[in-house]
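K.L.:
Here you go, one structure.
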Amino acid sequence: MNNSAQHPRKVHLTEQAVAVVRERVPMASLTEFFGRAFGTVMAAVRNQGASPAGPPFALYRGMPAETVDVEAGFPIAGNFTEADGVATGTLPETDALEALHIGPYDTLENTYGAILGRMEAEGFTPSDTMWEYYLSDPEAEPDPAKWQTRVVWPIA
């Protein structure tokens, strides 16, 4: 098996303001939700003169099942107030394990497995929230084998 995940590493993250759309989404509809959410957030942020401060991301609450409680959007710089179905929020200041996943999204579970294994080995308790930054634009890089996703799993 090709394990394309980098070794998970422990990081300390600072709080980051975000603008997101949050919904409970069927797992089968995630791709459609992300396209809609990222477009909606980008339009709302630009309408208010704010700007993205990083790549698009999705935050998951709880372990995904048939449906998942997910928020998707962008870290933001500048002032943004809730509008057009877009909520404000923050990614918390936290200690986390992160890993860079290289490859298609349907192999992300391998990277989550690697992070969880390291957490267990070090005696950490995983948080019930985790997020992913999508570093590759599938329109600019059509080869899923080259897609890069930064997976962040906070320590509870």
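Bear in mind that the values in this text are calculations on the coordinates, not laboratory data. What you are looking at is a predicted structure, and each value in this text was computed from that prediction instead of being measured.
K.L.:
Among (1) 9.2; (2) 10.1; (3) 13.4, only one was calculated for this model; which label is it, if the read-out is mean projected area of the Cα convex hull in nm²?
P.N.:
Label of the calculated value: (1).
K.L.:
Same structure again: State, as an integer percentage, the relative contact order of the chain based on alpha-carbon contacts under 8 Å between residues 6 or more apart. Provide the component values of the computation, followed by the final result.
P.N.:
Details: 328 pairs, mean separation 47.0, N = 156.
Rounded, it is 30 percent for the chain.
K.L.:
Which three extents, in whole angstrom, do the alpha-carbon atoms of the stretch 115-156 cover along their principal axes, largest first?
P.N.:
Dimensions of the stretch 115-156 along the principal axes of its Cα atoms: 39, 17, 10 Å.
K.L.:
Quote to one decimal, in nm, the extra length available between Ala28 and Leu108 on full extension: 0.36 nm per residue of separation minus the C-alpha distance between them.
P.N.:
27.3 nm
K.L.:
Indicate the gyration tensor shape class of the stretch 1-61 (rounded, prolate or oblate), computed on the Cα atoms with a ≥ b ≥ c the square roots of the eigenvalues: a/c under 1.5 is rounded; otherwise a/b larger than b/c is prolate and the rest oblate.
P.N.:
Note, shape of the stretch 1-61 comes out oblate.
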